[in-house]
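Take a look at the structure set out below.
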Amino acid sequence: MERSELNLLIQKNYKKIFLLSVKMLKNYEDAEDATQEIFMKVYQNIDKFKQESKLFTWLYRIALNHIYNFSNKKRNVKNLNEKNQNFYIRTNETPEKVLYEKELYNKLNEIIEELSPKQKEVFLLRYYNGLKFDEIAKILKKSLGTIKSNYFFAMQKIKKELEKEQLLETKEVS
Amino acid sequence: MKCITDKKLLDYLNGEVKSKQKGKIARHINKCETCQRRLNEWKNVLNITEDLVQTDKDSIKFPQFDTIINKPQIEPFISEESSFSWLKYWLKPAIATAAVAVLVLFAIIFVPLKEKVSVNPDYVVFENEYKYTEAHLIDDEYIIAFEQSMLKEIYQDEELRNKILYGTWEYLYDIIDLLSDEDIKFFENEINKTKTT
Ligand SMILES: [Zn+2]
């Protein structure tokens, strides 16, 4: 494994790893620390990298491992208050629409928090990191069926919650 | 054809069904109003979810790459270039071989104990999934052994087995979590067999 190759991997993936850290740790400072430590670990352990697993799979495994240990050690004192987080507003929308979207957005973040750790993990990797199901299966060392089940349960929960809050009806199907 | 399960509908929308099955599902949806409505509901959920995730991602401020990589703790690892790397190259397998030899010896001596030796663990699994408290390192072998033992348990429990084979699909989802792809295929085959006979 060439060092330049490793640097490229890190450069390509640091945003994704940071995103995963933010969503898991719910705190920007912690996420920045964790991301740094993850890449440090990658450098330290590069000779343990087994060629048969894809480099990127290996990176995600280290990242998840580290994030879990991190949240273990450090119960976030300052939780990122999702409701006060900058909400991205598209300018050409009516106030009602903005309000509706904001409500939806807060609700989704609440639901994500209520998912089981396994479901949350799969949901984040799928939607925030844009990974395919078979990639997630490789990273988590689970069968494709297991990953799809976790995903299904997560989506079922999201659907149920959105229905309960009647947030589904207003939006038209395209 | 029976109505399509929610799980299949989701797979269908995510492009995760094989083309043969895809046609079957599409034909059913064309004929069945209930499934049409359910498909649209799921489409809606997926659209909203993807939209919201995008909104969420847009609102996150990413740190500069430099601030991540140029921290003092990381630099030594980047610049560190061992001139003895060739030595490592030869030494590592030698040490590994010696270690394996010791382990084998150990295994021979302590076979009655049946202690499981974990090799190169690199993923953490949590015993208590709701609390991230007790973590332990496991490897592929452990996972396979665990899944197999679960399958055996299911086999041996007649009531459970019947519930899977003759019960509803919804019940199966609780157990599917614990099974490998081959196991799932096996159960699907068994179910199809019982349906056709
Ligand atoms: Zn139907």
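Values as computed for the structure displayed
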quantity	calculated
First in the stretch A:31-44 and within 7 Å of chain B (Cβ to nearest Cβ), second anywhere and β-branched (Val, Ile, Thr), Cβ under 6 Å, 6 or more apart	A:THR35/A:ILE17; A:THR35/B:ILE68; A:GLN36/B:ILE68; A:PHE39/A:ILE10; A:MET40/B:ILE74
Single condition A:GLU113 does not satisfy, out of (1) surrounded by fewer than 18 Cβ atoms within 10 Å (Cβ to Cβ); (2) not in a helix (DSSP H, G or I)	(2)
Of residues in the stretch B:1-49 being within 14 Å of the ligand (Cβ to nearest atom) and in a loop (DSSP other than H, G, I, E, B), the one modelled with the lowest pLDDT	B:MET1
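The values are calculated or read from the model by the stated rules, or taken from the named source; none is laboratory data. Everything quoted here is computed from the prediction, not taken from an experiment. Every residue, glycine as well, gets a Cβ built from its backbone with ideal geometry; the counts of neighbours run over all protein chains shown.
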